[in-house]
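First the structure, in the form of structure tokens, and then the observations on it.
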């Protein structure tokens with residue numbers, strides 16, 4: 001199985017790739033792949049638009065069997081505490097829609113596009129089991145949650161959601177356009193809710209992300 005892993009920033013890519021890797025060929029647009037024996041790693045940028053552009057560029061250059069959106073993110077209590085891992089059963093655009101007097105309407109209910117990409121059930125469940133991770137929806141937001149009210153609103157609309165981040169849906173849209181399945185893996189660095197930078201555990205989350213991909217190497221290599 002040939003796997004493309006897309007992260008937002010270089011620190012996440014370094015955690016995923018691990019030591020002893022080398023940069024591969026430069027892609028159009030200035031993107032550079034880091035190659036490992038089990039997967040290629042691409043820094044795609046922050047946010048769904050940047051992630052979609054980077055992923056689409058890589059998929060147009062070479063074929064892949066699976067795309068993984070990976071990085072750190074916020075965790076929804078009680079599903080995913082700080083330091084834990086979340087593997088998507090679906091990737092959800094949580095703020096792509098419209099506010100109305102009767103509440104929020106997702107874009108698919110407005111008749112335009114979609115807001116959910118399902119991850120391959122058996123493979124994502126296997127990854128979650130291997131990692132001891134929550135297997136649940138991962139939300140994509142364009143603005144990171146920073147208040148209790150916003151966290152409660154998202155949890156109310158998506159009660160099973162275990163994590164939020166900013167890139168997964170963009171990666172998933174590009175993967176879907178090329179007919180490639182997508183899984184999102186997030187290491188939780190902070191709780192979704194009031195913004196409290198003193199409570200963030202970014203270093204611990206990056207370490208957990210690196211450990212996760214080290215554990216996944218045999219799983220990915222065994223896939224047809």
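Annotations for the structure displayed:
- Residue 184 vs. criteria closer than 30 Å to residue 4 by Cα, touching a strand residue (DSSP E or B) at 6+ places or on another chain (Cβ under 6 Å) and touching a residue at least 60 places away in the same chain (Cβ under 8 Å): yes
- Any chance residue 175 is surrounded by 22 or more Cβ atoms within 10 Å (Cβ to Cβ), in contact with a strand residue (DSSP E or B) (Cβ under 8 Å, 6 or more places away or on another chain) and in a loop (DSSP other than H, G, I, E, B): no
Residues checked against (1) at pLDDT 95 or above; (2) over 17 Å from the mean Cα position of the chain (by Cα); (3) farther than 20 Å from residue 209 by Cβ:
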{"residue": "5", "(1), (2), (3)": "yes, no, no"}
{"residue": "20", "(1), (2), (3)": "no, yes, no"}
{"residue": "24", "(1), (2), (3)": "no, yes, yes"}
{"residue": "66", "(1), (2), (3)": "yes, no, no"}
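- Members of segment 66-108 that are surrounded by fewer than 21 Cβ atoms within 10 Å (Cβ to Cβ), assigned to a loop (DSSP other than H, G, I, E, B) and touching a strand residue (DSSP E or B) at 6+ places or on another chain (Cβ under 7 Å): 77, 79, 81, 82, 83, 84, 96, 107
- A single member of 85, 42, 59, 66 is without any contact (Cβ under 8 Å) to a residue 60 or more places away in the chain and in contact with a helix residue (DSSP H, G or I) (Cβ under 9 Å, 6 or more places away or on another chain), and it is 42.
- Residue-level analysis places residue 35 outside the set of residues that are over 27 Å from residue 157 (Cα atoms), in contact (Cβ under 8 Å) with a residue 24 or more places away in the chain and surrounded by fewer than 19 Cβ atoms within 10 Å (Cβ to Cβ).
- Across segment 200-218, the qualifying residues are those that are in a helix (DSSP H, G or I) and free of Cβ contacts under 8 Å to residues at least 12 places away in the same chain, and the one among them that is surrounded by the most Cβ atoms within 10 Å (Cβ to Cβ) is 211.
- Segment 178-199, residues that are in a loop (DSSP other than H, G, I, E, B) and touching a helix residue (DSSP H, G or I) at 6+ places or on another chain (Cβ under 8 Å): 178, 180, 181, 192, 193, 194
The values are calculated or read from the model by the stated rules, or taken from the named source; none is laboratory data. From a predicted model like this one, the values you see are computed outputs, not experimental measurements. Backbone-built Cβ (ideal geometry, glycine too); neighbour counts: all protein chains shown.
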